1. Could you check region 33-60 and list, in sequence order, the residues that are small (Gly, Ala, Ser) and either on the phi > 0 side of the Ramachandran plot or modelled with pLDDT of 95 or more (or both)?
2. Test residue 173 against the criterion of being more than 28 Å from residue 23 (Cα to Cα) and open to solvent by 50 Å² or more (accessible area, probe 1.4 Å), and give yes or no.
3. Counting just the residues of region 11-39 that are under 20 Å from residue 102 (Cβ atoms) and either within 16 Å of ligand 2 (Cβ to nearest atom) or of a type in the set (Asp, Glu) (or both), which one comes out nearest to the chain's Cα centre (by Cα)?
4. Provide a single number: the residues in region 242-285 that are open to solvent by 60 Å² or more (accessible area, probe 1.4 Å), more than 39 Å from the chain's Cα centre (by Cα) and hydrophobic (A, V, I, L, M, F, W, C).
5. The conditions are (1) within 21 Å of residue 303 (Cβ to Cβ); (2) out of contact with any Pro (no Cβ under 9 Å at 6 or more places or on another chain), and residue 34 fails exactly one of them. Which is it?
6. Residues in region 170-221 that are assigned to a helix (DSSP H, G or I) and free of Cβ contacts under 8 Å to residues at least 24 places away in the same chain: how many?
7. Would you point out which residue out of 109, 143 is at negative phi, touching a residue at least 40 places away in the same chain (Cβ under 8 Å) and polar (S, T, N, Q)?
8. What are the residues in region 218-240 that are over 31 Å from the mean Cα position of the chain (by Cα), open to solvent by 60 Å² or more (accessible area, probe 1.4 Å) and not hydroxyl-bearing (Ser, Thr, Tyr), if any?
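The values are calculated or read from the model by the stated rules, or taken from the named source; none is laboratory data. On a predicted model such as this, the values are computed, not experimentally measured, just so you know. Methodologically, a virtual Cβ is constructed for each residue, glycine included, from the backbone with ideal geometry; neighbour enumeration extends over all protein chains shown. SASA here: full protein model, heavy atoms, side chains in, ligands and nucleic acids out. Shrake-Rupley method; radii C 1.70, N 1.55, O 1.52, S 1.80 Å.
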Amino acid sequence: MKLIDIVVPCYNEEEVLPYFVKETNAVISTINDYRFRYIFVNDGSKDKTLPVLKTLASRFDNVKYISFSRNFGKESAMYAGLEHSTGDYVIVMDADLQHPPKMFPKMIQGIEEGHDCCALYRAKQKGESKVRQFVSKIFFSFQNKISDVKMPEGAVDYRIMSRKMVNAILKLSEVQRFSKGIFCWVGFDTKWIEYENVERTIGTTKWSLWGLFKYALDGITAFSVTPLRFIAVLGFFISLASFIYIIITLIKTLCFGVEVPGYVTTLCATLFLGGIIELSVGILGEYIGRIYMEAKDRPIYIASDDNFDDNNDEF
Ligand code: UDP
Ligand code: MG
């Protein structure tokens, strides 16, 4: 029987986890021919997520967990889960039941059709604020325009992948991970299916607007050097314009003598160029910061506890 690992990153999800397991178990029990195993990753939760996971592990043989020494972020949690997976297929999903487990049969069908991956995108962004919907729309269209990785609008981190694809993802061991991009970057044949967004009923979202902005910036800088090219092109055009202006001014000066009043032009030019230089340095800095973080070569996560060695079951 094929084994399917379900990787679930959890950060402060004590309330929702029992429901998550209950609902997911209900779906799993209707799917024959496969064995399922949960790999929960406790991402340094401040609530009782870890004790809840331990209780679940003592009740169900197929519940495994890894617990981080602090909060490393969802991306690191997903990596840890994938690293510990051994299944023929691996599902990645959120703990908050916003990724409905009832999609499992369709996803499994997709991968059994011969695709390497079956991934989901949101049909309707029900339960999301207008601001978030807007930011998300801009993000997807911008991301698709400027980088090599393309994904449908509303793509989420809910998918099933073949072992082959998971192994490829694990080879990308960058610390600053942007999984949405990584999933696309590794290639492979992905089938996209639609699902209807579900509101989070228990617990709260872990994302602030600022967090989302940083995430979008990560996504753009991780998979594209277009902003760097943009400043080079901008620099070229500004130099060109300046050159033309210099020639005009020189000719005017030679023909008509020195014009003393020049306060406004000087001020405008200084401020404009100052702004452009700040912007360019900022963009450069963004990339240099990323190089710096990667150059440290730190581990993606540090685990403080797990139950993978407990040989009390068949897994
Ligand atoms: N999560 C995590 N580490 C974090 C933040 C979130 O492991 O630092 C997990 C969280 O427990 C959930 C998933 O990532 O399972 C998605 O988080 P959330 O529901 O807050 O995000 P949203 O659905 O609002 O995008
Ligand atoms: Mg959520």
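1. Taking region 33-60 first, the residues small (Gly, Ala, Ser) are 44-45, 57-58.
Result: 44, single match.
2. Yes; evaluated as a whole, the condition is true for this residue.
3. Among them, the one singled out is 13.
4. 15
5. Only one criterion in (1) within 21 Å of residue 303 (Cβ to Cβ); (2) out of contact with any Pro (no Cβ under 9 Å at 6 or more places or on another chain) is unmet by residue 34, namely (1).
6. 5
7. Working: 109 fails: touching a residue at least 40 places away in the same chain (Cβ under 8 Å).
Result: 143 is the single residue among 109, 143 that is at negative phi, touching a residue at least 40 places away in the same chain (Cβ under 8 Å) and polar (S, T, N, Q).
8. Within region 218-240, 236, 237, 240 qualify.
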